[in-house]
Amino acid sequence: MPGIVDLHTHYDAQVTWDRTLSPSPSLGVTTAVMGNCGFGIAPCPEAQRETMLRNLSVVEGMDLGALLNGTRWDFESFGEYLDALERIRPYANVAVLAGHSCIRTAVMGEEASSREVPSDEQLRAMREHVRAAMDAGAIGFASSFSPNHSGWGGRPMPSTICRDEELKVLASVLHGRSGIFVTAAGSRATPEYLEEICAANGRPAFMVTVNTMYSRGNPGRAMDLFERAAAAQARGRQVWIQENCQPLSFDFTLREPYILFSHDAFAQVKAASPDRRKEIYAKQEFRNRLRENLKSPGSGVLFHGDWSQIEQDGVPVTELARRAGKDPLDYVFDLPLDQQLVGKLYQNDDAGVAPLLKHPAGVIALSDAGAHLIYFCDAGFGLHFLAHWVRETGTFTMEEAVRRLTSHPASLYGIPNRGRIAPGAWADLLLFDPARVGVSPLKRVNDMPAGGARMVREPVGVEGVWVNGTRIFADGSLLPLASGPGQVLRSFNA
């Protein structure tokens with residue numbers, strides 16, 4: 001089949017020290033789009049490098065030591081970053097989005113996370129950065145309004161506090177160009193909001209939000225958003241929803257409880273050092289505040305208060321709390337800081353997920369590969385799709401599954417000559433055994449710079465992967481190439 005096209009990755013920093021983009025190419029991905037949610041490392045003046053990396057370590061669940069020790073800086077502007085990628089020669093093809101939070105930080109510095117309204121001069125400078133990025137070869141413009149997106153010290157990621165006027169000025173650079181708009185939606189960026197962006201710029205817009213994932217707590221919410229996106233399409237606006245084909249589960253501890261950060265009660269937790277968090281958890285004031293948050297959770301938060309979705313050693317904490325004679329919330333926050341927990345939050349019911357995956361307003365994406373490494377690894381989403389949704393459940397034919405993983409995402413993002421096996425197309429290929437294809441269970445490894453840890457998966461039933469005609473995977477591992485065959489994609493179809 002054609003190689004898998006992954007529209008939603010976060011390899012922006014990792015690629016500077018790891019041209020293999022591990023583990024995605026071994027999992028069949030031959031083209032990766034980076035810079036999602038408006039996060040990345042370019043443009044970045046030298047004075048803002050540490051701020052940029054500290055924010056990434058929190059918002060994308062990455063090891064800070066690995067980022068600080070591993071990231072190789074030989075660029076400042078977006079165009080210089082793409083030039084650096086061409087020198088790196090990655091194993092997979094890469095395209096990069098111009099990022100709202102990156103640009104806001106580059107222009108506004110420390111004010112980017114605290115000042116809602118930029119000066120006229122700052123807004124003009126941000127717009128010029130978006131224009132320069134698009135001229136240099138960005139695949140589009142990315143932003144975020146997500147309440148889950150907090151940076152270092154609990155400060156909001158810059159784009160999440162901006163006013164609509166700012167976003168629309170920056171997105172207007174897309175008018176008359178190739179390129180797409182994509183945002184982590186939160187409650188503000190509804191399908192109707194994205195339809196306005198489409199109408200103003202004439203370019204496709206893509207929504208990323210947990211609200212479009214199936215949840216037992218609100219089983220009809222996701223389908224409602226898909227239907228509203230379809231209604232926008234019927235009116236001639238290209239509004240799409242990026243959808244996750246895997247159960248969304250987070251491995252976490254109370255030392256780094258990412259899935260809870262969007263609740264108001266955690267403002268003081270995010271601002272405190274990890275070692276001080278146990279002291280905060282012990283306070284009745286904190287627990288009462290969290291209980292109030294969970295009674296009326298905001299739109300787009302990850303955890304809505306169903307403690308049966310949180311497991312310790314494979315057992316729901318509701319059951320463990322019952323045995324201990326405790327309220328589940330008290331049971332959890334009495335645990336040691338480093339007790340491993342798993343939150344099984346979304347996309348965990350096939351009967352609810354299948355209609356969303358088959359919906360015509362959706363595009364299979366949202367692996368988050370390269371991010372949230374201390375919590376999970378969904379880089380093998382394509383192999384899971386072939387295993388679970390084709391072989392195990394028969395929800396999709398093999399032919400339709402291959403289309404949804406390859407030519408469909410490539411065409412929506414305007415990526416030319418990718419995602420098809422045809423004369424004149426680039427030879428990005430995946431050879432697999434349909435009877436065995438899949439992904440391994442999660443495993444934790446310490447192979448990041450400075451000994452940083454991450455979660456990884458390995459391919460099952462994959463015999464070979466080729467990028468631009470060069471074989472990069474064989475006999476169960478990536479091949480040790482002096483330079484990768486991947487291209488830095490800079491030109492896209494309108």
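Brief remarks on what is shown
- Failed item, numbered, when R420 is tested on (1) in contact with a Phe, Trp or Tyr (Cβ under 6 Å, 6 or more places away or on another chain); (2) open to solvent by 10 Å² or more (accessible area, probe 1.4 Å); (3) not in a helix (DSSP H, G or I): (1)
One line per residue, one yes/no per condition, for (1) open to solvent by less than 10 Å² (accessible area, probe 1.4 Å); (2) at pLDDT 95 or above:
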{"site": "V5", "(1), (2)": "yes, yes"}
{"site": "A13", "(1), (2)": "yes, yes"}
{"site": "L21", "(1), (2)": "yes, yes"}
{"site": "M62", "(1), (2)": "no, no"}
{"site": "R72", "(1), (2)": "no, yes"}
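- Taking every residue in region 268-279 that is touching a residue at least 24 places away in the same chain (Cβ under 8 Å) and pairing it with any residue that is part of a loop (DSSP other than H, G, I, E, B), at least 6 positions away or on another chain, the pairs with Cβ-Cβ distances below 6 Å are K270/F261; P274/R255; K278/L337.
- Only one of Y91, Y81 that is touching a helix residue (DSSP H, G or I) at 6+ places or on another chain (Cβ under 6 Å), of a type in the set (S, T, Y) and open to solvent by less than 20 Å² (accessible area, probe 1.4 Å): Y91
- Residue under evaluation E110, criteria (1) at pLDDT below 95; (2) under 12 Å from A13 (Cβ atoms); (3) open to solvent by 30 Å² or more (accessible area, probe 1.4 Å), criterion not met: (2)
- Test: residue in region 219-237 that is assigned to a strand (DSSP E or B) and of a type outside the set (A, V, I, L, M): no
- One residue from R237, R221 being in contact with a helix residue (DSSP H, G or I) (Cβ under 9 Å, 6 or more places away or on another chain) and either surrounded by 18 or more Cβ atoms within 10 Å (Cβ to Cβ) or among the small types (G, A, S) (or both): R237
- For region 380-417, a residue qualifies if it is more than 19 Å from N348 (Cβ to Cβ), buried (at least 16 other Cβ atoms within 10 Å of the Cβ) and small (G, A, S), and the qualifying residues are G382, A401, S407, A410, S411, G414.
- Of the residues making up region 438-445, none is at pLDDT below 95, open to solvent by 50 Å² or more (accessible area, probe 1.4 Å) and on the phi > 0 side of the Ramachandran plot.
- D306 falls short on exactly one of the conditions (1) surrounded by 15 or more Cβ atoms within 10 Å (Cβ to Cβ); (2) under 24 Å from A453 (Cβ atoms); (3) out of contact with any Leu (no Cβ under 7 Å at 6 or more places or on another chain), and that condition is (2).
- Test result for A42, in a loop (DSSP other than H, G, I, E, B), touching a strand residue (DSSP E or B) at 6+ places or on another chain (Cβ under 7 Å) and of a type in the set (A, V, I, L, M, F, W, C): no
- Long-range neighbours under 6 Å by Cβ, at least six apart or interchain, first residue free of Cβ contacts under 8 Å to residues at least 12 places away in the same chain and under 18 Å from E400 (Cα atoms) within region 416-430, second open to solvent by less than 70 Å² (accessible area, probe 1.4 Å) and part of a loop (DSSP other than H, G, I, E, B): none
- Residue match in region 61-70 (condition: among the small types (G, A, S) and on the phi > 0 side of the Ramachandran plot): yes
- Residue-level check: of (1) assigned to a loop (DSSP other than H, G, I, E, B); (2) surrounded by fewer than 17 Cβ atoms within 10 Å (Cβ to Cβ), V301 misses just (2).
- Flag for R203 being over 13 Å from S143 (Cα atoms), among the basic types (K, R) and touching a residue at least 24 places away in the same chain (Cβ under 8 Å): yes
- Qualifying residue in region 267-281 (condition: assigned to a helix (DSSP H, G or I), open to solvent by 10 Å² or more (accessible area, probe 1.4 Å) and hydroxyl-bearing (S, T, Y)): no
The values are calculated or read from the model by the stated rules, or taken from the named source; none is laboratory data. Given the structure is predicted, the values throughout are model-derived calculations rather than measurements. Quick reminder, even Gly has a Cβ in these numbers, built from the backbone with ideal geometry, and neighbours come from all protein chains shown. Side chains included, ligands, DNA and RNA excluded: accessible areas come from the protein's heavy atoms. Shrake-Rupley method; radii C 1.70, N 1.55, O 1.52, S 1.80 Å.
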